Amino acid sequence: METYFWAFVVGGLICVAGQLMIDVARLTPAHTMTILVVAGAVLAGLDLYQPLVDFAGAGATVPITSFGNALTQGALSEARHFGLTGILTGIFEVTSAGISAAIIFGFLAALFFKPKG
Amino acid sequence: MSDQKKKKLTPVQQEYQAFARRSEPGRPVLLNSVRAFLAGGVICLLGQFVQDFFLWNFDFTEKTAGNPTVAVMILLSVILTVSGVYDHIAQWAGAGTAVPVTGFANSIASAALEHRTEGFVLGVGGNMFKLAGSVIAFGVFAAFAVALARTLLARLGGS
């Protein structure tokens, strides 16, 4: 039960951070997403993102920061086994599911549906 | 706007910029933040339910349950995008629907749908990553730089 509470709170807070970047810092949503992804990648490099995932579960894995985290984690784990080339082969190791799913479902959507409104 | 850009403008343009900024209606920062918090929280809560569903009912571990969870969240997001519901929620929730991975999927699906009339290769294929592209490009480069730095530091440290 506790996991659900922290998933809600942490996930909500990351979205508030994004909202503040849009409203207060006057960034475009695209800039905001980009900053959050880079933040996730850097936090992963400092070993700070995994503790947040352990603590908040989906609250940390569903926001886009987790995409940056997964990119770095994949690169690091392959680099540990295969050296520097591992960085190149490992970057999409973990994020493959997310990117592939988004492309495939997005493509199917365009095949079978027309835009609404 | 940066100061450097400002210098290139003529005085009249600068005056207009200042005028435009004064007349811009203030943004309800607190209200927007509360909405983003609620919407983002609910989406992550939903993600937690989906993840636990996979953990309990199939042979997934904490680590591997992330993949089907993300796939399901993305599928839901694309379905809501196609039916036009996601846009309505997004107008209310702001960053609350943009920051979760569902927002990433929404940007791909809506760009694909929107450019359908330009054909499948130039329209759908070419524009799918219009918004998501910068997220992937910057994410990949940041991950590359971070992983390279860590790998080289580990080598130097002899570990």
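The values are calculated or read from the model by the stated rules, or taken from the named source; none is laboratory data. What you see is a predicted model; the values in this text were computed from it and never measured. Quick reminder, even Gly has a Cβ in these numbers, built from the backbone with ideal geometry, and neighbours come from all protein chains shown. Side chains included, ligands, DNA and RNA excluded: accessible areas come from the protein's heavy atoms. Shrake-Rupley method; radii C 1.70, N 1.55, O 1.52, S 1.80 Å.
For the protein assembly as shown, which whole percent of the accessible surface, found with a 1.4 angstrom probe, sits on carbon and sulfur atoms?
The nonpolar share, carbon plus sulfur, comes to 69 percent.
How far apart, in nm, are two points set 7 Å out from the Cα along the Cα-to-Cβ line at residue B:87 and at residue B:29?
Rounded to a tenth, the inter-label distance reads 3.1 nm.
Rounded to the nearest 500 deg cm²/dmol, what is the calculated helix-only ellipticity per residue at 222 nm for chain B, with -39500 (n - 2.57) per DSSP H run of length n ≥ 4?
Counting only the DSSP helices, I get -23500 deg cm²/dmol.
Amide H to amide H under 5 Å from residue B:94: which residues, 5+ apart in sequence or cross-chain, H placed 1.01 Å off N in plane?
Residues meeting the criterion, in which the H sits 1.01 Å from N, do not exist here.
Span-like helices, chain A: DSSP H, alpha-carbon axial extent 15 Å or more, mean Kyte-Doolittle 0.0 or greater, which ones?
A:2-23, A:29-45, A:96-112
Just to confirm my numbers, what's the Cα centroid distance between region A:1-47 and region B:48-76 in Å?
Here the answer is 21 Å between Cα centres.
Based solely on its DSSP helices, what 222 nm [θ] is calculated for chain A when runs of n ≥ 4 H residues each add -39,500 (n - 2.57) and the sum is averaged over all residues, nearest 500 deg cm²/dmol?
One gets -25500 deg cm²/dmol as the mean residue ellipticity at 222 nm.
Run the numbers on region A:53-77: which residues show a drop of 50 Å² or more in accessible area, chain on its own versus all protein chains together, using a 1.4 Å probe over heavy atoms?
Listed by number, the residues meeting the 50 Å² cut-off are A:58, A:62, A:64, A:76.
Rounded to the nearest 20 Debye, what is the dipole magnitude of chain B about its Cα centre when Lys and Arg each give +1 and Asp and Glu each give -1 at the C-beta? Mind dumping the intermediate values first?
On the way: 13 positive and 9 negative charges, 160 e Å.
Around 760 debye, computed over chain B.
With the Cα gyration tensor of region B:53-159 giving a ≥ b ≥ c as the square roots of its eigenvalues, does the rule (a/c under 1.5 for rounded; else a/b larger than b/c for prolate; else oblate) give rounded, prolate or oblate?
oblate
Between residue A:81 and residue A:28, what is the label-to-label distance in nm when each label sits 7 Å out along the Cα-to-Cβ direction?
3.9 nm
Once you have the Cα-Cα distance between residue A:54 and residue A:93, take 0.36 nm times their residue separation minus that, and quote the gain in nm to one decimal.
Gain on extension, residue A:54 to residue A:93, equals 12.0 nm.
What whole-number value in Å² describes the accessible area per residue of chain B for a 1.4 Å probe? Walk me through the intermediate numbers first.
Numbers: 9350 Å² over 159 residues.
Accessible area per residue, chain B: 59 Å².
Leaving out ligands and nucleic acids, note down the accessible area per residue over chain A with a 1.4 angstrom probe, in whole Å².
It amounts to 47 Å² per residue over chain A.
Looking at A:59, A:25, A:36, which one has the Cα that reaches farthest to the positive end of the dipole of chain A (charges on Cβ: Lys, Arg +1; Asp, Glu -1)?
With unit charges placed on the Cβ atoms, the residue in question is A:25.
Could you state the angle between the C-alpha long axis of helix B:101-114 and the longest principal axis of the C-alpha atoms of chain B, as a value from 0 to 90 degrees rounded to the nearest 10?
70 degrees
In region B:16-37, what residues drop by 10 Å² or more in accessible surface going from the chain by itself to the full protein assembly, probe 1.4 Å?
B:24, B:27, B:29, B:32, B:33, B:36, B:37
How far, in degrees from 0 to 90, does helix B:11-23 lean away from the longest principal axis of the Cα atoms of chain B, to the nearest 10?
Roughly 60 degrees between the two axes.
In region B:47-159, with Lys and Arg counted as +1 and Asp and Glu as -1 at Cβ, which of these residues, B:70, B:134, B:124, has the Cα nearest the positive end of the dipole, that is, farthest along it?
Going by the Cα projections, it comes out as B:134.
Once you have the Cα-Cα distance between residue B:53 and residue B:118, take 0.36 nm times their residue separation minus that, and quote the gain in nm to one decimal.
Fully extending the segment from residue B:53 to residue B:118 adds 19.4 nm.
About the Cα centre of the protein assembly as shown, how large is the charge dipole given +1 on each Lys and Arg Cβ and -1 on each Asp and Glu Cβ? Please answer in debye to the nearest 20.
Dipole magnitude for the protein assembly as shown comes out near 980 debye.
State to the nearest 20 debye the size of the charge dipole of chain A about its Cα centre, where the only charges are +1 on K and R beta carbons and -1 on D and E beta carbons. Display every interim value, and only then the final one.
Working: 4 positive and 6 negative charges, 97 e Å.
My answer is approximately 460 debye.
Would chain A count as rounded, prolate or oblate if I go by the C-alpha gyration tensor, calling it rounded below 1.5 in a/c and otherwise prolate when a/b exceeds b/c, oblate otherwise?
Note, shape of chain A comes out oblate.
So which trypsin sites (Lys or Arg not before Pro) in region B:1-72 end up in coil per DSSP with only 11 or fewer other C-beta atoms within 10 Å?
B:8, B:63
Taking all protein chains together and a probe of 1.4 Å, list B:116, B:155, B:27 from the most accessible to the least accessible.
I get B:155, B:27, B:116, largest accessible area first.
At the nearest 100 Å², what buried accessible area, both sides summed, do you get for A and B when the probe is 1.4 Å? It would help to have the intermediate numbers written out before the result.
On the way: alone 8230 and 12080 Å², together 14870 Å².
Interface between A and B: roughly 5400 Å².
Considering Cα pairs under 8 angstrom that are at least six residues apart, work out the relative contact order of region A:54-117 and quote it in whole percent.
24 percent
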